[in-house]
Amino acid sequence: MLVFSRWLICLSLVGLASCTVQSGQFGLFTSALKPQQDALDMYRWRLEFGRYQTDLLAVTVPGETLFTNSEGDLVVFDGWMVTEVRGLGQPSVISVQGRVGERLTRKDSRRVGSQACQEWRLMQEGSHVIHEQYCVGIERFENRIIVDSSGSIIKIEQYLGLNELGTRTAIILTKL
């Protein structure tokens, strides 16, 4: 009986040794269970424009960044300000010209607003750098660009001053 017990223990140990999971196999198994990261995550942004909300992808082209989606929405950002808006529930193309001093807002080719804008100011808020610009049109408002500690823009907030949308209606782009 003792010989049989030893034989059974040896067989069990050999069986267990052949069934071990190596770390490479375990890593492959656990990675298959994890949700895969979307390759486009770093380009995803959330847009708010009045009551309109949608997700956009950022595409960098020489001199500007285009935020767009498959529904035909488009926001053009030149590094300091939103210069053009298409879609977003609006039938017209909205364009903004000028940075400091007088800034003009147009729908198609018709002038619909103007603002007097100051130079951009630089502020520090925790680990974020905030570029802020004061403008006066029908009301006073602040355009903001928020940059994280790695130097990447994470939020853009620009008021367009369109009376028919309400003077406080802003384009707000937030990095997801």
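Restricting attention to segment 109-121, the residues that are surrounded by 13 or more Cβ atoms within 10 Å (Cβ to Cβ) and part of a strand (DSSP E or B) add up to 6.
Of the residues that make up segment 58-76, is at least one at positive phi, in the same structural domain as residue 161 (by TED's automatic domain parsing) and touching a residue at least 40 places away in the same chain (Cβ under 8 Å)? Write out each step before concluding.
Of all residues in segment 58-76, those at positive phi come to 63, 72.
Those left that are additionally in the same structural domain as residue 161 (by TED's automatic domain parsing): 63, 72.
When the remaining residues are screened for being touching a residue at least 40 places away in the same chain (Cβ under 8 Å), the result is none.
Taking every residue of segment 58-76 in turn, none turns out to be at positive phi, in the same structural domain as residue 161 (by TED's automatic domain parsing) and touching a residue at least 40 places away in the same chain (Cβ under 8 Å).
Note on segment 106-138: residues that are touching a Lys or Arg at 6+ places or on another chain (Cβ under 9 Å) and closer than 21 Å to residue 95 by Cβ total 10. Just one of 133, 124 is surrounded by 14 or more Cβ atoms within 10 Å (Cβ to Cβ), part of a strand (DSSP E or B), of a type in the set (S, T, N, Q) and free of Cβ contacts under 8 Å to residues at least 60 places away in the same chain; which is it? Only one candidate qualifies: 133.
Of all the numbered requirements in (1) hydrophobic (A, V, I, L, M, F, W, C); (2) closer than 22 Å to residue 42 by Cβ; (3) surrounded by fewer than 18 Cβ atoms within 10 Å (Cβ to Cβ), residue 156 misses one, and that requirement is (3). Within segment 60-108, if we keep just the residues that are hydroxyl-bearing (Ser, Thr, Tyr) and in a strand (DSSP E or B), the residue that is nearest to residue 48 (Cα to Cα) turns out to be 68. Number of residues in segment 70-106 that are surrounded by 15 or more Cβ atoms within 10 Å (Cβ to Cβ) and touching an Asp or Glu at 6+ places or on another chain (Cβ under 8 Å): the value is 11. If you take the residues in segment 45-57 that are without any contact (Cβ under 8 Å) to a residue 40 or more places away in the chain and farther than 20 Å from residue 79 by Cβ, which one is surrounded by the most Cβ atoms within 10 Å (Cβ to Cβ)? Residue satisfying both the conditions and the ranking: 54.
For segment 93-123, a tally of residues being among the hydroxyl-bearing types (Ser, Thr, Tyr), modelled with pLDDT under 90 and under 25 Å from the mean Cα position of the chain (by Cα) returns 1.
The values are calculated or read from the model by the stated rules, or taken from the named source; none is laboratory data. Note that the coordinates shown come from a computational prediction; the quantities given were computed from them, not determined experimentally. Cβ atoms come from the backbone with ideal geometry, glycine included; neighbour counts cover every protein chain shown.
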